[in-house]
Amino acid sequence: MKRGTKRAVIWSIVAIVAIAVIVLIAGGKKKAMQQISYETTAVERTDIAYYVTATGTIEPVTEVQVGTQVSGIIAKLYADYNSKVKAGQIIAEMDKVTLESDLASAQASYDGNEAEFNYQEKNLARSRGLHEKNLISDTEFEQAEYNYAMAKSAYENSDAALAKAKRNLSYATITSPIDGIVIDRAVEEGQTVAAGFETPTLFTIAADLTKMQVIADVDEADIGGVKEGQRVSFTVDAYPDDVFEGKVIQIRLGSSSSTSSVTTATTESVVTYEVVIAADNPDQKLLPRLTANLSIYTKEAHDVLCVPARALRFNPVATAAKGDKIIDCPGQTKVWTKEGNVFTAHPVTTGISDGVSTEITGGLDEGTEIIAGATFTGKESLAKKSGSPFAPGPPRH
C-alpha cells in the first residue's frame, strides 16, 4: 500500500470513530434532557364546594323613610344622625300657626252648621205634624224637607273638614314609626318642606342593625344554581381580613338589564337578578350601603373522596418511554396509576368540582396512589414531544 493511501485510510477511521463518539454523547445528553418525572397523589377525603360570585349592597332588614303629609316650616328637630329612637317618639315638629288657624276656622264652620242642622231637624218635625193635620200646605212641608237636607249636607261637610284640619295638625308632630336608629336626616330647622305629589323625606330610620341583608346582583348565567337556604360568604372593603357569613332567603323574579361596552363598536346587554342574603351583624361592622363581594355556594359536599382535577386530564401516551406498557379502559373519565413501567387506567364517576379538585363518587378507594401529572426534569419542554401528557390519545398495549 502506498504511503499516501495508508494515511487516507487512517484518517477515515479516525473520522468515523469521532462521529460515533459525538453521536453517543449527543444521544446521551438528549436522553438525559428527556427524563420525565410523574407527580402522584393519594385519593383522600376532604370538603369541596362550587360557588358563584356576585357583588351586592349591605342594607338594613327594615328601613323606613319618615316624611310629612303637610307643607310648612320645620320648627324643631328632636333627632339627629345615629339617634336611637322608639316607636311613637317625637322626632320633629313643624310650625303649627297656619294649621291651628285652619282648625279654628273649620271648628267655627262646624259649630254653625251643627246649629243650623239641629234647627232644621226640629223644624222638619214640627212641619210634619202640621202637614199631617192639613194645617200647612204641601209646598211649605216640601220647603222644610229641603231646608233640612241642605243643613244636613252642610253639617256633614263641615264635620269632614274639621276632621281633616285636626288630622293635618296632628301631622305637624312627626313621630318615629318603629324602634331603630336614624341613619339619615334630610332637613334642618327652619327649612320649608312642600308636600305636593311626593311626600318629602325628613328622616330614614333603620330597625335592628344587628340583622342586615345583602341585595346581590347575580348574573343570568349563574342564577339557575342559586336556591333559598344556600350558604354565602362575603367580604367588604372596609374589613378586608374579615369573612362574613350569610344565607340566601329570597330570589326576586324581577330582572334588571344594563348595557356594558364590549368594544368601541359594540355593546352587550347584561341581565341580572336580585338575590337577598340574610346576615348577622352582632359587632355592627356591616354598615348600610357598603359594597359586598359574595361567594354563593350552590353545591357543597363534605368528607368525600377527591382527586386533583388535572388528574382527570392526564394521559400517559405522550410521556411513556420505550418499553412502558399502557393498559387503557373504555370510558371518557378515568385516572391512571403506575406500577413499575405499567400504566393502568381506572374508570371513575365524578361529582362536583371547584376547578381544582373533583369529587369521586365511584371507581376508586381512599388512599389509592394516582398520577396527578407529569413534568420533564431536563430543559426540553413537553411541546417538543409528540403530544401533551394531559391530552387524550390512542391506547398502547
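Each residue of region 108-121 in order: what ³J(HN,Hα) in whole Hz does its phi give by Karplus 6.51 cos²θ - 1.76 cosθ + 1.60, θ = phi - 60°, with x for Gly and Pro?
With the stated coefficients, region 108-121 comes to 5, 5, 5, 4, x, 5, 5, 5, 5, 5, 4, 5, 5, 5 Hz.
I'd like the Karplus ³J(HN,Hα) series for region 252-257: coefficients 6.51, -1.76, 1.60, θ = phi - 60°, whole numbers in Hz, and an x wherever there's a Gly or Pro.
7, 6, x, 9, 10, 10
Using a probe of 1.4 angstrom, how much of the accessible area of region 204-244 is carbon and sulfur, in percent?
47
Take residue 146 and residue 186, extend 7 Å from each Cα along the Cα→Cβ direction, and tell me the distance between the two endpoints in nm.
For residue 146 paired with residue 186, the spin-label model returns 5.2 nm.
Quick one: accessible surface of residue 346, probe radius 1.4 Å, all protein chains present, in square angstrom to the nearest 10.
Roughly 50 Å² of residue 346 is accessible to a 1.4 Å probe.
Through the Karplus equation 6.51 cos²θ - 1.76 cosθ + 1.60, θ set to phi - 60°, convert the phi angles of region 143-156 into ³J(HN,Hα) values in whole Hz; use x for Gly and Pro.
These are the phi-based 3J(HN,Hα) values: 5, 5, 5, 5, 4, 5, 4, 5, 5, 5, 4, 5, 5, 5 Hz.
Per residue, how much space in cubic angstrom lies within the convex hull of the C-alpha atoms of region 73-222?
Per residue, the Cα convex hull of region 73-222 comes to 224 Å³.
Can you give me the solvent accessible area of residue 270 with a 1.4 Å probe, rounded to the nearest 10 Å²?
40
Any chance you could check the Cα centroid distance between region 52-110 and region 299-359 for me, in angstrom?
Each part reduced to its Cα centre gives a spacing of 68 Å.
With every protein chain left in place, what is the accessible area of residue 181 in Å² (1.4 Å probe, nearest 10)?
For residue 181, solvent-accessible area is about 30 Å².
The values are calculated or read from the model by the stated rules, or taken from the named source; none is laboratory data. Since the model is a prediction, treat every value here as computed from it, not as a measurement. Cβ sites come from the backbone with ideal geometry, for glycine too, and all protein chains shown count toward neighbours. Note: accessible area is taken over every heavy atom of the protein model, side chains too, but ligands, DNA and RNA are not part of it. Shrake-Rupley method; radii C 1.70, N 1.55, O 1.52, S 1.80 Å.
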